[in-house]
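In what follows, a structure is listed as structure tokens, so that the remarks can point back to it.
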């Protein structure tokens, strides 16, 4: 038994299993609070630390809410509908959590205790980390379908089919916008991509990087079923979509899986476009890298919550049209622009040239986006109301 | 756990997955068994140090092909009701005989050559060297024509699939209006 | 016991024949399609095994060929399933034995 290896593996994996679920617990509280503020409510503010059994709580702005929610979920009855496929009904929530947890290990989180020379855990810095990430997040779709199909409920199945169609469609712009960075760095290795952006050389500051980041973020929202793309769980149309028939801890697993997937995909966005662990002071204090990485992930999550409180839900045809008619052509164009920009930069070193390329690329991308929008809108007939005025 | 144990576990997973996939009467169960088979095979590829092929296997088969098949099943059979998924099989006796015969025919040369190949040990791979990068260079340098032809094939398949799947729609619409 | 080439070859043969059995004995077009996929995958396993145990693995012939096979198989599945859907629209069935309109009565 190689105890040293086992110790190293634990040092590399346990932080992931501690940090992200605890971030999940905090995020649920932050989300409820933020949405409440956006909707001019107060949100959870009672649950805190119970000091005495007879009241007199330390409320702490309702920070005890996640724990209370967790306890509630644990003690709820586990209901399996009659006629449901029991095995698949059980497997689906587990299968939705596993890929989300698994992809966390491909993120280039440089924990300070893993930088030792003799440390043997370099396996996570896989050569094909980015493609591994996409392959494994793709499995999430299957869990969603499994849940929808096994529940033996029309709304569940509708939600599952919606989820599959949406995830498959948005996976293409997601991967194509990540391809740009992979192409420029010349590596699929997440650590190398992070290294290439050291010293404020973040790809989001490039015109193609900015466009790719925006496309990536939108596609990531759709991929994790976040509002405004939360059609698979649109409660006004299909109850709760694929997890209509789930209760208790199975539902909690779905919930956890969804949030972990959000963290994972935000982590990938940070790796690809926002300079991974880069930030002020990392040269002097390398352990700041983890802090910066997680801070950037939190900012992206914050934007997701903000969007959820702001934007209304899309219609199904709008959703598919947006992926195929707008994001896909734009991300393909973006690949070409990134190639041209890279060659122009390689051919001549001057600052003037790079500024011209920067501006030209941005103008082309903006014009393309406007043009696509115009073409797509031209096909939409003006809306006629049957009953309204 | 050494390599041999891993091999036997993965082999068992893929054989059972494949058997269930072809024998299960419930089609959706069959598809998930097929996915288990693909996953087992990806594990075997990892065991053979072909990590890129393993990940492509997961990406293409478990990700894309599995979902495509599920979509097709949802579009072709009645979606609700377990009985609608039952498919009858016929000729499994002769099928089994032929499959067994083919198996023996394939097996014979392998068994005959065992003394020759059992000493063939895998060469030590240089793990530090990026095999993904190597593969990419190979795809550009000697195999560029193959890649282009493949791209053409995939485009043709895409267009063909869309036309084939959409072709019936016009006539169906006609049927409905009549 | 160590792993040798013939372990992989025999496993691939078993998987291939399971696929063959499925293709012969099932009547549902979708099942036949994924039996074909099982056979193709068994062949892929052979490619990778021969590459790993072969004389010069640095040429990467095995993975390259497998990559091409996977791409072709993906195209095949896409077209095959589109045909299944088209056939279903026409005959209201994906039972292969009911598609015998070319047969002489």
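The values are calculated or read from the model by the stated rules, or taken from the named source; none is laboratory data. What you see is a predicted model, and the numbers here were worked out from it, not measured in a lab. Neighbour counts run over all protein chains shown; Cβ positions are idealised from the backbone, glycine included.
Working only within region B:12-31, note down all residues that are in contact (Cβ under 8 Å) with a residue 12 or more places away in the chain, more than 7 Å from chain C (Cβ to nearest Cβ) and in contact with a helix residue (DSSP H, G or I) (Cβ under 7 Å, 6 or more places away or on another chain). Passing the criteria: B:13, B:17, B:20, B:26, B:28, B:31.
Under the condition of being at the interface with another protein chain (Cβ under 9 Å from one of its Cβ atoms) and outside any helix (DSSP H, G or I), the residues counted in region C:54-92 number 4.
Among the residues examined, residue B:75 qualifies as in a helix (DSSP H, G or I), farther than 20 Å from residue C:42 by Cβ and either at pLDDT below 80 or outside the structural domain of residue B:32 (by TED's automatic domain parsing) (or both). Kindly check whether there is at least one residue in region B:79-98 that is at pLDDT below 85, crowded, with 21+ Cβ neighbours inside 10 Å and at the interface with chain C (Cβ under 9 Å from one of its Cβ atoms). Within region B:79-98 (the criterion being at pLDDT below 85, crowded, with 21+ Cβ neighbours inside 10 Å and at the interface with chain C (Cβ under 9 Å from one of its Cβ atoms)), the answer is no, since none of the residues qualifies.
Let's see how each residue does on (1) within 23 Å of residue A:246 (Cβ to Cβ); (2) touching a strand residue (DSSP E or B) at 6+ places or on another chain (Cβ under 8 Å); (3) loosely packed, with under 11 Cβ neighbours inside 10 Å:
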site	(1), (2), (3)
A:3	no, no, yes
A:8	no, no, no
A:16	no, no, no
A:51	no, yes, yes
A:62	no, no, no
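Taking the conditions exactly as written (at the interface with chain C (Cβ under 8 Å from one of its Cβ atoms), at pLDDT below 85 and part of a helix (DSSP H, G or I)), does residue B:101 satisfy them or not? So residue B:101 fails the test.
Taking the listed residues A:314, A:365, A:330, the one that is touching a residue at least 40 places away in the same chain (Cβ under 8 Å), farther than 21 Å from residue A:221 by Cα and either surrounded by 10 or more Cβ atoms within 10 Å (Cβ to Cβ) or within 28 Å of the chain's Cα centre (by Cα) (or both) is A:365, with no other qualifying. Scanning region A:242-272 for residues that are farther than 21 Å from residue A:166 by Cβ and part of a loop (DSSP other than H, G, I, E, B) yields a count of 1.
The single condition among (1) modelled with pLDDT under 85; (2) surrounded by fewer than 22 Cβ atoms within 10 Å (Cβ to Cβ) that residue A:109 does not satisfy is (2).
For (1) within 30 Å of residue A:37 (Cα to Cα); (2) buried (at least 22 other Cβ atoms within 10 Å of the Cβ), each residue gets a yes or a no:
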site	(1), (2)
A:272	no, yes
A:283	no, no
A:287	no, no
A:292	yes, no
A:299	yes, no
A:303	yes, no
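Does residue B:41 fit the bill of being facing chain C (nearest Cβ under 9 Å) and buried (at least 23 other Cβ atoms within 10 Å of the Cβ)? The answer is yes for residue B:41. Being within 13 Å of the chain's Cα centre (by Cα), crowded, with 21+ Cβ neighbours inside 10 Å and free of Cβ contacts under 8 Å to residues at least 24 places away in the same chain: is that true of residue B:66 here? Criteria not met by residue B:66. Residues in region A:273-288 include at least one that is assigned to a helix (DSSP H, G or I), modelled with pLDDT of 85 or more and closer than 30 Å to residue A:136 by Cα. Once region C:23-49 is narrowed to residues that are part of a helix (DSSP H, G or I) and touching a strand residue (DSSP E or B) at 6+ places or on another chain (Cβ under 9 Å), the residue that is nearest to the other protein chains (Cβ to nearest Cβ) is C:25. Residues that are within 10 Å of chain B (Cβ to nearest Cβ) and either surrounded by 24 or more Cβ atoms within 10 Å (Cβ to Cβ) or closer than 18 Å to residue B:66 by Cβ (or both) within region A:149-178 comprise A:149, A:150, A:157, A:160, A:161, A:164, A:165, A:167, A:168, A:171, A:175, listed in sequence order. Regarding residue B:151, is this residue modelled with pLDDT of 80 or more and either within 8 Å of chain C (Cβ to nearest Cβ) or closer than 30 Å to residue A:157 by Cα (or both)? Taking the combined requirement at face value, the residue does not satisfy it.
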